[in-house]
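Notes follow once the structure below has been shown.
The values are calculated or read from the model by the stated rules, or taken from the named source; none is laboratory data. Small disclaimer: the values here were computed from a predicted structure and weren't measured. Positions of Cβ are backbone-derived with ideal geometry, glycine not excepted, and every protein chain shown enters the neighbour counts.
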Amino acid sequence: MRWKAVLPAILGLVAACGATPGIEIRAAVIAMPAGPATAVYFEVVNNGDATDRIIGVQSEVGRAEIHRSFLDGGLMHMEPVSEVSVAGGEVIVFEPGGLHVMLLDVDELEIGQTATVTVVFEVAGAIDVEALVTSYAEIAP
(Lines give C-alpha, C1' and ligand atoms only; values in the text may rest on other atoms or scores of the structure.)
Protein backbone atom coordinates (compact mmCIF):
# COMPACT_ATOMS: atom_id res chain seq x y z
CA MET A 1 0.00 0.00 0.00
CA ARG A 2 3.04 2.22 -0.30
CA TRP A 3 2.12 2.58 -3.98
CA LYS A 4 -0.82 4.77 -3.01
CA ALA A 5 1.59 7.22 -1.44
CA VAL A 6 4.22 7.01 -4.21
CA LEU A 7 1.95 6.94 -7.27
CA PRO A 8 1.15 10.69 -7.34
CA ALA A 9 4.86 11.52 -7.21
CA ILE A 10 5.63 9.09 -10.05
CA LEU A 11 2.84 10.52 -12.20
CA GLY A 12 4.12 14.03 -11.54
CA LEU A 13 7.63 13.08 -12.67
CA VAL A 14 6.30 11.40 -15.82
CA ALA A 15 4.31 14.53 -16.69
CA ALA A 16 7.34 16.75 -16.08
CA CYS A 17 9.53 14.68 -18.43
CA GLY A 18 7.43 15.34 -21.52
CA ALA A 19 7.08 18.50 -23.59
CA THR A 20 4.84 21.29 -22.38
CA PRO A 21 1.26 20.07 -22.66
CA GLY A 22 -0.35 21.31 -25.81
CA ILE A 23 2.61 21.53 -28.21
CA GLU A 24 2.71 18.75 -30.79
CA ILE A 25 4.82 18.32 -33.93
CA ARG A 26 3.32 16.10 -36.63
CA ALA A 27 4.15 14.70 -40.06
CA ALA A 28 7.83 15.66 -40.15
CA VAL A 29 9.58 14.89 -43.43
CA ILE A 30 12.95 15.71 -44.99
CA ALA A 31 12.87 16.32 -48.73
CA MET A 32 15.10 14.35 -51.13
CA PRO A 33 17.26 14.78 -53.07
CA ALA A 34 19.24 16.27 -50.24
CA GLY A 35 22.53 17.33 -51.82
CA PRO A 36 24.35 19.74 -49.50
CA ALA A 37 21.04 21.47 -48.63
CA THR A 38 17.43 20.37 -48.27
CA ALA A 39 14.29 21.24 -46.33
CA VAL A 40 12.29 19.83 -43.43
CA TYR A 41 8.50 20.20 -43.36
CA PHE A 42 6.05 19.51 -40.52
CA GLU A 43 3.04 20.84 -38.63
CA VAL A 44 3.21 22.50 -35.22
CA VAL A 45 -0.01 22.20 -33.23
CA ASN A 46 -0.59 24.25 -30.10
CA ASN A 47 -3.45 22.52 -28.30
CA GLY A 48 -2.97 24.78 -25.29
CA ASP A 49 -4.28 28.26 -24.59
CA ALA A 50 -1.00 30.18 -24.35
CA THR A 51 1.18 31.40 -27.21
CA ASP A 52 4.64 29.88 -27.51
CA ARG A 53 7.43 30.74 -29.93
CA ILE A 54 9.80 28.58 -31.94
CA ILE A 55 13.18 30.18 -31.29
CA GLY A 56 15.50 27.65 -32.91
CA VAL A 57 15.99 24.33 -34.66
CA GLN A 58 18.74 21.72 -34.64
CA SER A 59 19.41 18.48 -36.47
CA GLU A 60 21.82 15.60 -36.26
CA VAL A 61 22.29 15.57 -40.07
CA GLY A 62 23.24 19.19 -40.76
CA ARG A 63 23.06 22.81 -39.70
CA ALA A 64 19.41 23.85 -39.33
CA GLU A 65 17.77 27.26 -39.82
CA ILE A 66 14.17 28.43 -39.99
CA HIS A 67 13.41 30.04 -43.36
CA ARG A 68 10.42 31.46 -45.16
CA SER A 69 9.84 31.45 -48.91
CA PHE A 70 7.78 34.16 -50.54
CA LEU A 71 6.90 35.52 -53.99
CA ASP A 72 8.06 39.02 -54.85
CA GLY A 73 7.70 40.40 -58.36
CA GLY A 74 6.99 36.95 -59.72
CA LEU A 75 10.22 35.52 -58.28
CA MET A 76 10.52 33.14 -55.36
CA HIS A 77 12.77 34.39 -52.55
CA MET A 78 13.85 32.90 -49.25
CA GLU A 79 14.96 34.53 -46.01
CA PRO A 80 15.92 33.36 -42.52
CA VAL A 81 13.37 33.76 -39.72
CA SER A 82 14.50 34.20 -36.11
CA GLU A 83 11.27 33.03 -34.46
CA VAL A 84 7.76 31.78 -35.21
CA SER A 85 4.83 32.48 -32.88
CA VAL A 86 2.28 29.71 -32.38
CA ALA A 87 -0.86 31.00 -30.67
CA GLY A 88 -3.02 28.79 -28.49
CA GLY A 89 -5.26 26.66 -30.70
CA GLU A 90 -3.20 27.44 -33.80
CA VAL A 91 -1.63 25.08 -36.34
CA ILE A 92 1.45 26.34 -38.18
CA VAL A 93 2.39 24.41 -41.31
CA PHE A 94 5.99 24.28 -42.48
CA GLU A 95 5.57 23.50 -46.20
CA PRO A 96 7.09 24.08 -49.64
CA GLY A 97 6.69 27.71 -50.65
CA GLY A 98 6.29 28.91 -47.05
CA LEU A 99 7.91 28.33 -43.68
CA HIS A 100 10.41 25.47 -43.58
CA VAL A 101 13.58 24.34 -41.88
CA MET A 102 16.63 24.52 -44.13
CA LEU A 103 19.21 21.84 -43.54
CA LEU A 104 22.65 22.96 -44.70
CA ASP A 105 25.86 20.96 -45.00
CA VAL A 106 23.70 17.83 -44.97
CA ASP A 107 25.17 14.41 -44.34
CA GLU A 108 24.31 11.61 -46.79
CA LEU A 109 20.62 10.69 -46.55
CA GLU A 110 18.55 7.91 -48.10
CA ILE A 111 14.82 7.67 -48.72
CA GLY A 112 13.17 5.78 -45.88
CA GLN A 113 15.79 6.84 -43.32
CA THR A 114 14.75 8.93 -40.32
CA ALA A 115 16.67 11.75 -38.71
CA THR A 116 16.09 13.67 -35.50
CA VAL A 117 15.10 17.32 -35.80
CA THR A 118 14.84 19.34 -32.59
CA VAL A 119 12.43 22.27 -32.51
CA VAL A 120 13.21 24.67 -29.67
CA PHE A 121 10.34 26.61 -28.10
CA GLU A 122 10.63 29.55 -25.74
CA VAL A 123 8.31 27.93 -23.15
CA ALA A 124 7.99 24.26 -24.14
CA GLY A 125 11.74 23.86 -24.56
CA ALA A 126 13.34 21.41 -26.98
CA ILE A 127 11.05 18.90 -28.69
CA ASP A 128 12.66 16.10 -30.72
CA VAL A 129 10.83 14.71 -33.73
CA GLU A 130 11.83 11.91 -36.08
CA ALA A 131 11.60 13.16 -39.67
CA LEU A 132 11.20 10.64 -42.48
CA VAL A 133 13.37 11.19 -45.55
CA THR A 134 11.04 11.09 -48.55
CA SER A 135 11.07 12.21 -52.19
CA TYR A 136 10.26 15.83 -52.84
CA ALA A 137 7.63 14.69 -55.38
CA GLU A 138 5.63 13.14 -52.50
CA ILE A 139 5.80 16.38 -50.49
CA ALA A 140 5.25 19.11 -53.09
CA PRO A 141 1.68 20.29 -53.57
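Could you count how many residues in segment 112-141 are acidic (Asp, Glu) and part of a strand (DSSP E or B)?
Result for segment 112-141: 2.
With the requirement that a residue be under 14 Å from Ile92 (Cα atoms), crowded, with 17+ Cβ neighbours inside 10 Å and of a type in the set (S, T, N, Q), what does segment 23-54 give you?
Asn46 - this is the single residue of segment 23-54 that is under 14 Å from Ile92 (Cα atoms), crowded, with 17+ Cβ neighbours inside 10 Å and of a type in the set (S, T, N, Q).
So which residues in segment 76-107 are more than 27 Å from Val45 (Cβ to Cβ) and modelled with pLDDT of 90 or more?
His77, Asp105
Within segment 115-137, count every residue that is over 13 Å from the mean Cα position of the chain (by Cα) and touching a residue at least 12 places away in the same chain (Cβ under 8 Å). Please lay out each step first, then the result.
Pass one, segment 115-137, residues over 13 Å from the mean Cα position of the chain (by Cα): 122-123, 133-137.
Keeping just the survivors that are touching a residue at least 12 places away in the same chain (Cβ under 8 Å) gives 122-123, 133-136.
So the count comes out to 6.
Out of everything in segment 64-73 that is part of a strand (DSSP E or B) and at pLDDT below 95, what residue ends up being surrounded by the fewest Cβ atoms within 10 Å (Cβ to Cβ)?
Asp72
On the basis of being hydroxyl-bearing (Ser, Thr, Tyr), at pLDDT 95 or above and more than 14 Å from the chain's Cα centre (by Cα), does Thr51 make the cut?
Here the answer is yes, as Thr51 does meet what is asked.
Among residues belonging to segment 74-83 that are assigned to a loop (DSSP other than H, G, I, E, B) and not acidic (Asp, Glu), point out the one that is surrounded by the fewest Cβ atoms within 10 Å (Cβ to Cβ).
Applying the filter and picking the extreme gives Gly74.
Of all residues in segment 84-114, how many are surrounded by 13 or more Cβ atoms within 10 Å (Cβ to Cβ), under 20 Å from Gln58 (Cβ atoms) and not aliphatic (A, V, I, L, M)?
So the count comes out to 4.
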